[in-house]
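One structure is given below, encoded as structure tokens.
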Amino acid sequence: MLKHSSPEIPPIPTTSFRFIADYQALKDRPEEFANYFLAVNKDDYGMLLGDVIETDMIELLITGFAALANQANIAHFLECLLHLANVSRFDIAVMFLDTRSKNGQFNLAPNSVEYCFKITDVTVVLFMRLISLITAICWAK
């Protein structure tokens, strides 16, 4: 089950400044960062992250989600990632993901989200590859 409150995890941020400070405090603890991120209202992603989202934040989030993923929570993780894709600077941050994060090791299965949406935009395809990483790790456990 997801941990929504822990003495180690800061309270839900209300400003971008607070989010950045919390990210700095959690950047070496991907699972706690993922739980922290999951506590944020998806409708607030744009306000909190629109001007501050960075590649390293996305990589940390994916690492945390991958560590926490199981069949019971994967849909929730995917929903969070889909909302995150709507943040204004997300596509720019995705462009700078390392090669390992963008290469074919995250190939999608024929029944994956990418096929359901018939995606053509390159940045969204890269995003879907990130989602496939979580899915692959979930099914490997």
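Just so it is clear, none of the values below were taken in a lab; they were calculated from the coordinates. These figures come from a predicted structure and were not determined experimentally. Don't worry about glycine lacking a Cβ; one is built from the backbone with ideal geometry, like all the others, and counts go over all protein chains shown.
Extending 7 Å from Cα along the Cβ direction at Thr15 and again at Phe96 yields two label points whose distance is 2.4 nm. Modelled spin labels at Asp51 and Lys27, positioned 7 Å past Cα toward Cβ, are 2.0 nm from each other. Summarising the label geometry, the points placed 7 Å from Cα in the beta-carbon direction at Leu82 and Asp43 lie 1.8 nm from one another.
The slack in the chain from Arg89 to Ala75, taken as 0.36 nm per residue of separation less the alpha-carbon distance, amounts to 2.7 nm. Other residues within the sphere of radius under 12 Å centred on the Cβ of Thr15, judged by their own Cβ, net out at -2 (K and R +1, D and E -1). Set against the 2.2 N^0.38 Å expectation for a compact globular protein, the stretch 1-91 has a Cα radius of gyration ratio of 0.98. Scalar couplings 3J(HN,Hα) for the stretch 47-62, obtained by applying the Karplus form with A = 6.51, B = -1.76, C = 1.60 to θ = phi - 60°, are 5, 7, 10, x, 9, 10, 4, 10, 4, 5, 5, 5, 4, 5, 4, 4 Hz; x denotes Gly and Pro.
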